[in-house]
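Notes follow the structure.
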Amino acid sequence: MGERHTLVHRIEDWAEQRPERPALHGKAPDGSWTTLSWGDYWRSVREVAKAFVALGHQPEESVAIVGANHPQWVQLQFGIQAAAGVPAPIYPTNTPGQVAHILTNSRSRIVIVDSEAQLAKFLAVERDHGLEPFTRIVTFHEIASADPRVVSFEALCALGREQPDGELDRRLASLTENTTCLLIYTSGTTGVPKGVMLDHAGQILVGESLVKTAPVFREEGRYRAVSYLPLCHQAEQTVTNVVSLEVGGEVFFCPDIAEVKDALVHARPTIFLGVPRVWEKFEAALRARLAEATGLKAKLARWALETELECFRADLEREAPAMPLRRRLARSLVVDKIRTALGLDLLEIAVTGAAPIAVSTQEFFASLAVPILEAYGMTETSGVATFTQPGRPVFGAVGKALDGVEIRIGDDGEIQLRGRNMTRGYLRMPEETEELYTEDGWLRTGDLGALDEEGNLRITGRLKELIITAGGKNVAPVEMENLIKGIDGVGQAVVVGDRQPYLCALVTLDPEGLPALCERLGIEERGLEAVARDPRIRSYLEERIESGCNQRVARYQTIKKFEVLPAELTVEGDELTPTMKIRRKVVAEKYADVIDGFYADARPADRPLPAAS
């Protein structure tokens, strides 16, 4: 192979080594799947890059891009990088104000959109926020528009084919491992989005270290991934691009998260990344299906899953897998059939990250021979800083530091990191960049955690999310929230109680598990809102929160009251970030009346003192 010092050059190398091997798979408008080989991929990247040069794009300029996961996304991304530019992704769900901030901060003159709706939004932002006019607007597909600046992806590639190679080759030669290759804007649970500057060396460190942890992907044709989480987020960039370019893998693009189950069955991936909410949704749906079984079939399913989980735990104790007869029977009769139905029969690595996952969810999937490995990191760490060792997961921990990454725990319990994959900072935000690092150069994560004797990192909460009770106790809500989410039928949980005498919880039911829950409790299924008001639901949750949460935590961590919300927390409702993290401030504001009601009858002596002025 040639010099593989940037991600762009890795596409070139794979195109030379295996030009006919499949690289990208996408869905055509008629629903059929199309394939782009590595040779096709590299030619397309070059065409896009030459077209950008012809349109006046200058080195180090940013190009904004918004869209669902399509093969065009990455062809455009790496075309921008090949032209010595910097892609600046924008979430499709970003508000006009956030879009205006990102366009202003990145100074993007060319923008890329995937749909008529996004085109209309960007034109409105340009008009209403007094932005410098865009020089070109590229669309993933042909879109009828009277604006002369609009050009389709196909037309862009055609323009690139007409251009000479000289300037592009000079720009490619100028790229180094220190070149900023991507701006990832923090989705923002608070404040305005910040543009995290990431370079090739940081991305490559992550890719090389992850593949060293899971060397099976070095085998040709072994890496198959489904790309469906937002490519505006570094977690999906890691799976879709960083690791795939490390091993020359295949990626299947799924533009609609609602269709991911169909994409899994078609792609049969060997690696799958799901944020905790995705795994929780799968779990609820599977539990509902399993609950439909009766008689001997139900007993067989229960025995098989219990057997697989028991054997999995035994594997961890002996540090080596074993396949006794009963485990082989459990797999052939039940477990393998479920995996195949899900499209996970070839899965080698199941990953989660971006937020804490409940141990109960990990145990459920381990009973299906799908142990979920946790990764931990931030956009500012090029996505990943720790990863769980395959074959030896420690549930409740997020693994050990990647090669080239150091971890220390600050005096206040904060996890601090150091390594080549740490960002240089936030674009045009010097004060925020200075705050990101300690005086001696360690990156502040804002997360609380601890290291065990083997070097496994455990996340215990967020510094900014700590609840300080009226009694002065510091409480990280994540532990109780995960215990509550482990209750059958529960979808989400938000623990509240800052400066209050006790903790309470907002709970949502999971629509996937609703039919099974209603059947178990003898409730007529009438929709989420109606079921949430049923007194039998409250009685059920009271008992389960007491036994499944309160009896497992310290007294000051117990949940005294709860309320079942009439609907799920969603990205569209702004209660979740695009990567499905809880926006606690938004939730607190939206359900302020409910939260105030929790403490309305608190004794005056128990009420918190007013905040100091």
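Scanning segment 1-36 for residues that are modelled with pLDDT of 95 or more, outside any helix (DSSP H, G or I) and under 27 Å from the mean Cα position of the chain (by Cα) yields 6, 22, 23, 24, 25, 26, 33, 34, 35, 36. Of all the criteria given as (1) open to solvent by 30 Å² or more (accessible area, probe 1.4 Å); (2) in contact with a strand residue (DSSP E or B) (Cβ under 9 Å, 6 or more places away or on another chain), the one not satisfied by residue 562 is (1).
In segment 466-482, the residue that is nearest to residue 584 (Cα to Cα) out of those that are touching a residue at least 12 places away in the same chain (Cβ under 8 Å) and open to solvent by 30 Å² or more (accessible area, probe 1.4 Å) is 466. Could you list, in sequence order, all residues of segment 190-213 that are at pLDDT below 85 and surrounded by 14 or more Cβ atoms within 10 Å (Cβ to Cβ)? Residue satisfying the conditions is 192 alone. Residues satisfying the criterion are absent from segment 369-390 (criterion: open to solvent by 20 Å² or more (accessible area, probe 1.4 Å), in a loop (DSSP other than H, G, I, E, B), at positive phi and at pLDDT below 95).
Cβ separations smaller than 6 Å between residues 6+ apart or across chains give no pair from segment 505-533 residues that are free of Cβ contacts under 8 Å to residues at least 12 places away in the same chain to residues that are of a type in the set (Gly, Ala, Ser) and in a helix (DSSP H, G or I).
For segment 236-271, the tally of residues that are open to solvent by 30 Å² or more (accessible area, probe 1.4 Å) and part of a helix (DSSP H, G or I) stands at 7.
For segment 167-185, the count of residues that are small (Gly, Ala, Ser) and touching a strand residue (DSSP E or B) at 6+ places or on another chain (Cβ under 6 Å) is zero.
Residue 309 meets the conditions (1) touching a Phe, Trp or Tyr at 6+ places or on another chain (Cβ under 6 Å); (2) open to solvent by 20 Å² or more (accessible area, probe 1.4 Å); (3) modelled with pLDDT of 95 or more; (4) not charged (D, E, K, R) in every case but one. The failed one is (1).
Among the residues of segment 295-314, is any more than 24 Å from residue 490 (Cβ to Cβ) and in a loop (DSSP other than H, G, I, E, B)? Looking for residues that are more than 24 Å from residue 490 (Cβ to Cβ) and in a loop (DSSP other than H, G, I, E, B), one finds none in segment 295-314, hence no.
Out of 406, 431, 435, I need the residue that is out of contact with any Phe, Trp or Tyr (no Cβ under 7 Å at 6 or more places or on another chain), of a type in the set (D, E, K, R) and in a strand (DSSP E or B). Which one?
Matching residue, one of 406, 431, 435: 406.
Flag not set for residue 73, criterion: more than 25 Å from residue 428 (Cα to Cα), part of a helix (DSSP H, G or I) and either of a type in the set (S, T, N, Q) or open to solvent by 10 Å² or more (accessible area, probe 1.4 Å) (or both). A search for C-beta distances below 6 Å between a residue of segment 145-173 that is farther than 18 Å from residue 40 by Cα and any residue that is open to solvent by 50 Å² or more (accessible area, probe 1.4 Å), counting only pairs 6+ apart in sequence or on different chains, returns 149/136; 152/142.
The values are calculated or read from the model by the stated rules, or taken from the named source; none is laboratory data. None of these values were measured; they are calculated from a predicted model. Every residue, glycine as well, gets a Cβ built from its backbone with ideal geometry; the counts of neighbours run over all protein chains shown. Remember, those area values only see protein heavy atoms, side chains included, never the ligands or the DNA or RNA. Shrake-Rupley method; radii C 1.70, N 1.55, O 1.52, S 1.80 Å.
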